[in-house]
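One structure, pasted below without further comment.
We did not get these values from a lab; they are worked out from the coordinates using the rules stated. Everything numeric in this text was worked out from a predicted model, so none of it was measured. Cβ sites come from the backbone with ideal geometry, for glycine too, and all protein chains shown count toward neighbours.
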Amino acid sequence: MPTSEDEIIRLFRIRKTVMQMLKDRNYLVVDSDIDMTKEEFVEKYGHSMKREDLTICKAKKNDSSDQICVFFAPSTEKVGIARLRTYMNQMKSENVLRAILVVQDQMTTVAKTSLSENATKFNMEIFQDAELLVNVTEHFLVPVHQVLTDEEKKSLLERYTLRESQLPRIQVTDPIARYYGLKRGQVVKIIRSSDTAGRYVTFRYVV
């Protein structure tokens, strides 16, 4: 059965946001993945495309062993323990420790518990479709965010004789933090436009 036009547009927009998100996280994503037109998207996946066919796997630019997979859960089911184990088994067989799961509906309570229990083995982030229909970083009110490396964070704290707890904070659940996959303890540099100084730089500590 052909996929409806509305669903095709929905999946096209979600995939584009995911590709840009992976690129912004420093994964190897070519421009053609981001600039793909809807017509090219349909040509690649067909008019009867299934969500699970959209799986994406990419490696970090500076470390090919650091890979991430993006799974699209079927729209016909609520993600349960069986589906979650399928993804975890695939990650294990391919030696992938990071994943993003895009869901249309909520996960079952049992699946959420299992995800929490396996957090030390598998780093899996959950995004709902609605969170990816629009790229939050492209809003005109959202400034540029740059995630500091451990070395850059150390240098910043030493330069200003600060403890990380003295920096302004950003919640790990903040939409921008989720977009960049930030973890507690990281520091992000925020660059805003300024009418007087040209640009205004601040830092946020992820909590």
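Percent of Cα-Cα pairs more than 20 Å apart in the stretch 133-207, please.
33
Which value, in debye to the nearest 20, gives the size of the charge dipole of the stretch 34-135 about its Cα centre, when Lys and Arg are +1 and Asp and Glu are -1 at the Cβ?
Roughly 380 debye for the stretch 34-135.
Can you list residues from other chains, or at least 5 along the same chain, whose modelled amide H is less than 5 Å from the amide H of residue 125?
Here 99, 100, 101 satisfy the definition.
In debye to the nearest 20, how big a dipole does the chain give about its Cα centre with +1 on each Lys and Arg Cβ and -1 on each Asp and Glu Cβ?
With Lys and Arg at +1 and Asp and Glu at -1, about 800 debye.
What's the extension gain from residue 97 to residue 40 if we count 0.36 nm per residue and subtract their Cα-Cα distance?
Result for the pair: 17.5 nm of gain on full extension.
List every residue whose amide H lies under 5 Å from the amide H of residue 170, counting only residues 5 or more places away in sequence or on a different chain, with H placed 1.01 Å from N in the peptide plane.
It is 205, 206, 207, by chain and number.
Among 127, 140, 71, determine the one that fluctuates most according to a GNM of the chain built with springs between C-alpha atoms less than 10 Å apart.
The residue with the greatest mean-square fluctuation here is 140.
Separate question: Please list, short to long, the whole-number percent of alpha-carbon pairs of the stretch 1-53 in consecutive 10 angstrom bins beginning at zero.
Per 10 Å bin, starting at 0, the Cα pair percentages come out as 24, 53, 21, 2.
Something else now. Return the single residue from 64, 32, 48 with maximal mean-square fluctuation; model: Gaussian network over the chain, springs between Cα atoms under 10 Å.
32
Just to be sure I understand the model, the point goes 7 Å from the Cα along the line to the Cβ. What's the resulting residue 113 to residue 65 distance in nm?
Taking the two extended label points, one gets 3.6 nm.
Give me, ordered by chain and number, the residues 5 or more places off residue 49 or on other chains with an amide H under 5 Å from its own placed amide H.
3
Could you pull out the pairs from 23/58; 23/92; 121/183 whose alpha carbons sit more than 19 Å apart here?
Violating the 19 Å limit, Cα to Cα: 23/92.
Longest segment of the chain with no trypsin sites (Lys or Arg not before Pro) in a DSSP loop having at most 16 other Cβ atoms within 10 Å?
So the longest stretch without any such site is 1-49.
Which one, 162, 79, 108, is farthest towards the positive end of the dipole of the chain when Lys and Arg carry +1 and Asp and Glu -1 on their Cβ?
The Cα lying farthest towards the positive end belongs to 162.
Given a 10 angstrom Cα cut-off, can you work out which residue in 53, 31, 195 is the most mobile in a GNM of the chain?
195
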